[in-house]
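Only one structure is covered here, and it is reproduced in the block below.
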């Protein structure tokens with residue numbers, strides 16, 4: 001079995017970041033296999049202090065490779081869902097759980113946003129770092145448009161954390177209202193269902209919970225109701241992936257109250273005065 005240094009050398013030689021993308025099914029398969037082996041090896045080596053500083057790759061380059069790895073996962077997942085014959089899915093394992101251990105969370109992104117804001121939004125290198133970090137994170141990829149819209153809308157902001165909270169609450173409520181109206185869902189039942197989902201950490205689609213959110217059966221034919229239900233499930237899952245784990249109140253049924261971090265001591269939550277909706281000040 002090749003060592004870590006050998007695998008890193010092969011990675012940089014066969015799949016240089018100077019190439020915009022990895023072309024060809026076999027090349028993609030080879031990259032997925034090699035990079036997965038590197039992730040497994042890094043997982044083992046990270047428990048040794050001697051490995052620190054000897055990773056043989058910069059943080060930014062690692063994020064680039066992580067982004068490409070997950071781009072391929074998303075591409076092959078779409079192709080499989082569309083019914084294409086793809087051997088790559090059958091014998092290649094995407095090491096998503098190992099990627100999650102390379103921690104990139106919303107607090108790190110907001111720290112970079114603050115850094116960007118402190119340069120009066122002129123340091124474009126920080127923006128590049130933000131985009132690479134988001135692409136490298138399985139948890140944040142589905143939230144990319146939300147984060148980019150936030151960055152584009154910040155002006156004179158005193159507290160980035162408080163501003164982010166207000167923004168998430170406003171956008172989440174707007175998106176939820178749109179789903180309820182578009183799908184003609186029962187508002188109270190839908191909000192309670194999502195509140196439970198965010199508390200449990202997952203959208204549960206088994207049983208009759210989804211049916212309880214939907215309009216009466218008489219509005220649909222038999223087959224159309226099943227199709228309608230799948231559409232509702234898809235929208236609720238996308239909503240969950242977009243907003244889970246990024247702040248905002250855990251309640252969907254009570255009036256939201258903004259908060260801010262107490263940056264002078266421990267990071268406890270403090271109630272702030274009511275503010276105007278995000279970007280409408």
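The values are calculated or read from the model by the stated rules, or taken from the named source; none is laboratory data. Computed from a predicted model, the values in this text were never measured in an experiment. Note that each Cβ is placed from the backbone with ideal geometry, even for glycine, and that neighbours are counted across all protein chains shown.
As a summary of the residue check, residue 24 satisfies the conditions (1) surrounded by 14 or more Cβ atoms within 10 Å (Cβ to Cβ); (2) over 27 Å from residue 129 (Cβ atoms) except for the one numbered (1).
How many residues are surrounded by 13 or more Cβ atoms within 10 Å (Cβ to Cβ) and over 24 Å from the mean Cα position of the chain (by Cα) when one looks only at the range 35-45? Here the count works out to 2. Of all residues in the range 143-175, exactly one satisfies the criterion of being in contact (Cβ under 8 Å) with a residue 24 or more places away in the chain, closer than 29 Å to residue 213 by Cβ, surrounded by fewer than 17 Cβ atoms within 10 Å (Cβ to Cβ) and in contact with a helix residue (DSSP H, G or I) (Cβ under 7 Å, 6 or more places away or on another chain), namely 175. Tell me, yes or no, whether the range 18-26 has at least one residue that is part of a helix (DSSP H, G or I), within 16 Å of residue 64 (Cβ to Cβ) and in contact with a helix residue (DSSP H, G or I) (Cβ under 9 Å, 6 or more places away or on another chain). So far as the range 18-26 goes, no, none of its residues is part of a helix (DSSP H, G or I), within 16 Å of residue 64 (Cβ to Cβ) and in contact with a helix residue (DSSP H, G or I) (Cβ under 9 Å, 6 or more places away or on another chain). Inside the range 139-175, residues that are under 21 Å from residue 241 (Cβ atoms) and not in a helix (DSSP H, G or I) make up a count of 2.
Of all residues in the range 1-17 being in a helix (DSSP H, G or I) and farther than 18 Å from residue 43 by Cβ, which is nearest to the chain's Cα centre (by Cα)?
Ranking the qualifying residues of the range 1-17, first place goes to 12.
For first residues located in the range 76-89 and surrounded by 10 or more Cβ atoms within 10 Å (Cβ to Cβ), partners that are modelled with pLDDT of 60 or more and in a helix (DSSP H, G or I) and lie 6+ apart or on another chain with Cβ distances below 6 Å form the pairs 86/76; 86/79; 86/80; 88/29; 88/76; 89/76; 89/80.
In this structure, does residue 13 turn out to be touching a residue at least 60 places away in the same chain (Cβ under 8 Å), more than 22 Å from residue 130 (Cβ to Cβ) and surrounded by fewer than 18 Cβ atoms within 10 Å (Cβ to Cβ)?
no
Do you know which of the residues in the range 201-220 that are over 14 Å from residue 237 (Cβ atoms) and loosely packed, with under 11 Cβ neighbours inside 10 Å is modelled with the lowest pLDDT? So the residue we want is 218.
So that you can scan it fast, the table gives a plain yes or no per residue for (1) outside any loop (DSSP other than H, G, I, E, B); (2) over 16 Å from the mean Cα position of the chain (by Cα); (3) at pLDDT below 85:
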position: 60; (1), (2), (3): yes, yes, no
position: 70; (1), (2), (3): yes, no, no
position: 76; (1), (2), (3): yes, yes, yes
position: 79; (1), (2), (3): yes, yes, yes
position: 83; (1), (2), (3): no, yes, yes
position: 103; (1), (2), (3): no, no, yes
position: 112; (1), (2), (3): yes, yes, no
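Out of 196, 178, one residue alone is at pLDDT 95 or above and either in a helix (DSSP H, G or I) or buried (at least 16 other Cβ atoms within 10 Å of the Cβ) (or both). It is 178.
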